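One structure is given below, encoded as structure tokens.
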Amino acid sequence: MIPAINSALGTLDPSEWSVGSIGSATAPSSGSGSFSGALSSAIDSLDASQTNATTAAQQLATGQATDPTAAVTAVENASLAMDLASQIQSKLVTATNTIFQTQV
């Protein structure tokens, strides 16, 4: 797994898979063991990797980077993290559509 996503998700057991306050007017809590907390952490980690990659690319372009390999690695890690997030989102949408189309 990509380190940024792996550290954000950690281990979850089925008792921690709560969605929060769906349907209410309040924002869901970001508890450390809840699904919403894990999702929030993963998104924050993805945002951090994108920010890190942007900074590294700008430093490389302006000549401020002392190690070009680190800059390229940061950009590639951010790209892989975004690809993973996109694939997970696609799978979730497909699963949701399948559930909604299931006849009871």
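Computed from the coordinates by the stated procedures, all read-outs in this text should not be read as laboratory data. Worth saying up front: this structure is predicted, and the values here are computed from it rather than measured. No Cβ is skipped: glycine too gets one built from the backbone with ideal geometry, and neighbour counts run over all protein chains shown.
Annotations for the structure displayed:
- Sequence ranges 60-72, 88-100, 44-56, ranked by mean other-Cβ count within 10 angstrom, highest first: 44-56, 60-72, 88-100
- Debye equation applied to the C-alpha atoms of region 32-104, log10 I(q)/I(0) at 0.12, 0.13, 0.16 Å⁻¹: -0.48, -0.54, -0.69
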